[in-house]
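Following: one structure in C-alpha cells, then a few remarks.
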Amino acid sequence: MNRNYAIVWLLFSALSGAALADDTTRASIGDSRLTAGDSVSIEEPVEGNAFVAAGRVTVRERVERNAFLTGGDVTVSAPVGRNLYVAGGDIRLDSTIGGKLRGA
C-alpha cells in the first residue's frame, strides 16, 4: 500500500512541475484524480482519491475516498468520504469528513 502512495506522489510531483508551463495539469489513475495548477476546482464527483496542489483549491463535489489538498487558499464545501489531509495559508471547511482531518 505504501508503495502505491509513493508512486502516486512521484506522479503528483511531476504534474506540479508541469503545471508551471500550463494553467492546469490533470491525470487519472484508476478512480483517483491528480490535479495541479494556479486555480483548481473539483466540479465533478471523484470516485477514488483526490490529489490537488494549486494556489487556490476548491472542492465543490464529493470525494469518495481520501483528499490530499495543498494551496494558498483551500475551500472544502463538499463531503470527503474518508480522510482529509490539507495544508494551506487559508483553509475553510464547510462540509463533513467521513474519517480523520489532518491540517496545517
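Each eigenvalue of the Cα gyration tensor of region 25-104, multiplied by 5 and square-rooted, gives one semi-axis; in descending order these are 16, 15, 10 Å. Rolling a 1.4 Å probe over the protein chains gives residue 56 an accessible area of about 130 Å². Taking other residues whose beta carbon is less than 13 angstrom from the beta carbon of residue 83, and scoring Lys, Arg as +1 and Asp, Glu as -1, yields +3. Residue 92 contributes an accessible area of around 90 Å² to the protein surface, as traced by a 1.4 Å probe with all chains present. The radius of gyration of the Cα set in region 22-70, together with its Dmax, comes out at 9.6, 28 angstrom.
The values are calculated or read from the model by the stated rules, or taken from the named source; none is laboratory data. All of these numbers come straight from a predicted model, not from anything done at the bench. Reconstructed Cβ throughout: ideal geometry from the backbone, glycine too, with neighbour counts over all protein chains shown. When the accessible area is computed, the model is the full protein with side chains, heavy atoms only, and any ligands, DNA or RNA have been set aside. Shrake-Rupley method; radii C 1.70, N 1.55, O 1.52, S 1.80 Å.
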